[in-house]
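One structure below.
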Amino acid sequence: MARTSENISVRRAAQGLHGTVTIPGDKSISHRVAILGALARGSMQVRNFLCSEDCLNTLRAMQQLGATVTPGDAPENFTLTGCGMRPQAPARDIDCGNSGTGMRLMAGVLASLPFESRMFGDASLSSRPMKRIIDPLALMGAQIEACGTKPGCAPLHICGRTLHPVSYTLPMASAQVKSAVLLAGMLAHGTTAVHQPAITRDHTERLFAHFGIPCSVSADGLDISVTGPVDIVAKDITIPADISSAAFWLVAATIVPGSRLTLRAVGLNPTRCAIIPVLQRMGADISISPTQLEGEPYGDITVCSAARLHGTDILPQEIPNLIDEIPVLAVAAAFAEGTTTIRHAAELRVKESDRIATTAGNLRAMGAAVQEFDDGMAITGGAPLRGTTLQSFDDHRIAMSFLMAGLAAEGETTLLGCRNINTSYPTFESTLRSITA
Ligand code: S3P
């Protein structure tokens, strides 16, 4: 796997950014494919799996449960053979690394299986809230203890057992919580229903359909139900490139004059790609080739530098569909005339870092005007940003977002502590070098 440098420096890309970029597979989909494929009956070809630390941790965890991985022609292509709903107890504690998605989704599965298990993570993951999945799973009869030094946090000790179905209203718009309940629901006897307050990414539902798992979604997309226990039959899958990784290049090419980038086979799931209409509303020059469908829509994206960018108000319903892109969207806002307002995004405070504080702090350090709110920020852009040395706060998306800002700022920008980029985008640094060469 590619190794990202500890500290990365960039200068203004005076010649613009050029090239065709192949972005690795989608992180959310890769976690779910590892989990569902590992429980399936039979073998499947997985193509374009994200070989980042987060997803490899989930894949290794599922191998501990009895799934096998046979290497293919490249690290991202392999054959996954499931344990056919007869998983074994893990021999060791499960290391989830930095991944909230891995830990929360696997909790739904492990709570439903007839053995004890323990999951732990790094310092960042050990301070993220797990009560949000423990509460609904406990309603289903699960026994999960949060043993961390911080209340309600990892490590999680799970005494697995047969769970009963539940009808649950999510207190927040979270695809991780929704998916934890649905994954437990598929192993319970009967129909589990989840009501979400807003549309969140629907990869779990789409993969349920891919694997023939009985799942229904209401016309407005807010109510999902699954009937268990299910028999998952392995089926080959190709994972599209991650729109959340593509977002860095979308913003970079938009703010760096004289740029033109083509991003290949990027996932365009409507519950994930609100960054595109928001950037277009701000004046970005983004065009998309006709999309193809294979469970998940995807297509090639061409982005050229914007003639002029202006601020916008992000709509409340757009927030869950661009939640991971907000740091880099805030960077774009700093290069846009007028004010961009981001509210209803308090969830940002419990990501890999407090992304409201870390984004606002780094933008201010580069000279941007930012007002911070409990649930978001307002960025007034248009004045040139200046390069400086910034912390990444051990957050991959903060590191990558501010390297994009550095490509359009005056002087040199250095991001400290960039190794965390390996959790989601191990080839980021080499792509950065190739498009600025
Ligand atoms: C994810 C859901 C989102 C997102 C995370 C991945 C998923 O988190 O921020 O990076 O794969 O389900 P929440 O569900 O906590 O909003």
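Coordinate-derived values only; no laboratory data. The shown structure was predicted, so the numbers you read here are calculated from the model rather than taken from an experiment. Every residue, glycine among them, receives a Cβ derived from its backbone with ideal geometry; neighbour counts consider all protein chains shown.
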Legend entry - Of Val328, Thr431, Thr413, farthest towards positive along the dipole that unit charges on Lys, Arg, Asp, Glu beta carbons give region 328-437: Thr431
Legend entry - Largest to smallest principal axis extent of the C-alpha atoms in region 183-322, angstrom: 58, 33, 20
Inset, instruction - Give me the percent of DSSP beta bridges within the chain that run antiparallel, rounded to the nearest 5. - result: 75 percent
Legend entry - Measure of compaction for region 336-437 (Cα Rg per 2.2 N^0.38 Å): 1.08
Inset, instruction - Compute the distribution of all C-alpha to C-alpha distances in the chain, in bins of 20 Å from 0, and list the percent of pairs in each, rounded to whole numbers. - result: 27, 58, 15, 0
Inset, instruction - Return the lysines within reach of Lys150: Cα separation strictly under 24 angstrom, same-chain partners fewer than 8 residues apart disregarded; answer none if there are no such residues. - result: Lys131, Lys178, Lys351
Inset, instruction - Return the Cα extents of region 259-351 along principal axes one, two and three, sorted largest first, each rounded to a whole Å. - result: 35, 32, 19
Inset, instruction - Would you mind pulling out the separation of the Cα centroids of region 301-332 and region 137-177, in Å? - result: 33 Å
Legend entry - Rg to Rh quotient for region 104-212, alpha carbon positions, Kirkwood Rh: 0.96
Legend entry - Coordinate range along principal axes, alpha carbons of region 30-127, Å, largest first: 37, 28, 19
Inset, instruction - Sum up the charges of everything whose Cβ sits under 12 Å from the Cβ of Ser5, counting Lys and Arg as +1 and Asp and Glu as -1, but leave Ser5 out. - result: +1
